[in-house]
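The values are calculated or read from the model by the stated rules, or taken from the named source; none is laboratory data. Bear in mind that the values here come from a model prediction, so they are computed numbers and not experimental data. Glycine gets a Cβ as well: all are built from the backbone with ideal geometry, and neighbour counts include every protein chain shown. Surface areas here come from the heavy atoms of the whole protein model, side chains and all, with no ligands, DNA or RNA. Shrake-Rupley method; radii C 1.70, N 1.55, O 1.52, S 1.80 Å.
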Amino acid sequence: MKNLFKVVDQKEPFQVTKTDGTRLNKCQIILQEVGGKYVNSYVCTLIGNTATCKFYPDDLVYAALRFSHSEYQGKFYQDITVQDIISFTHH
């Protein structure tokens, strides 16, 4: 999905260790579709160098989201990863 979004919030980045032992940055960002108070919003994951970029509430961004699922201990989870993100707001 590629769309214009408003940033609602972004959490602080943290490092995770992959199974091959390499480390990468990761953080969560909440993106809301543009168009009103009750439009869809998504809790997404930023990975790599993009995770260290700082976005602020109400920033406008164009983002490409990738939807997938994972299973952990018999439960299914929806994963949303930001594949690409471009900010229209400069701080």
message: Rounded to the nearest percent, how much of the accessible area of the chain (1.4 Å probe, protein heavy atoms only) is carbon and sulfur?
response: 51
- prompt: Among the lysines, which have Cα under 19 Å from the Cα of residue 26 when same-chain residues fewer than 8 positions away are ignored?
  reply: 11, 18, 54
field: Neighbour cut-off at most 10 other Cβ (10 Å), DSSP loop, trypsin sites (Lys or Arg not before Pro), segment 1-37
entry: 18, 37
Extended-chain gain in nm, criterion 0.36 nm per residue less alpha-carbon gap, residue 79 and residue 45: 11.4 nm
field: Using distinct alpha-carbon pairs, which all enter the 1/r mean, Kirkwood radius of the chain in Å
entry: 13.9
query: Can you give the FRET efficiency for residue 37 and residue 3, using 1/(1 + (r/R0)^6), R0 = 30 Å, r = Cβ-Cβ distance, to the nearest 0.05?
result: 0.95
- request: Multiply the residue separation of residue 16 and residue 60 by 0.36 nm, subtract the distance between their alpha-carbon atoms, and state the gained length in nm to one decimal.
  value: 13.1 nm
- prompt: What trypsin sites (Lys or Arg not before Pro) in segment 39-91 are in a loop by DSSP, with at most 12 other Cβ atoms within 10 Å of the Cβ?
  reply: 54
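Want the number for residue 52 to residue 87: 0.36 nm per residue separation, take away the alpha-carbon distance, what's left?
Full extension from residue 52 to residue 87 adds 11.2 nm.
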message: Just to confirm, what accessible area per residue do you get for the chain at 1.4 Å probe, in whole Å²?
response: 70
field: List 41, 70, ordered by accessible area with a 1.4 Å probe, largest first
entry: 41, 70
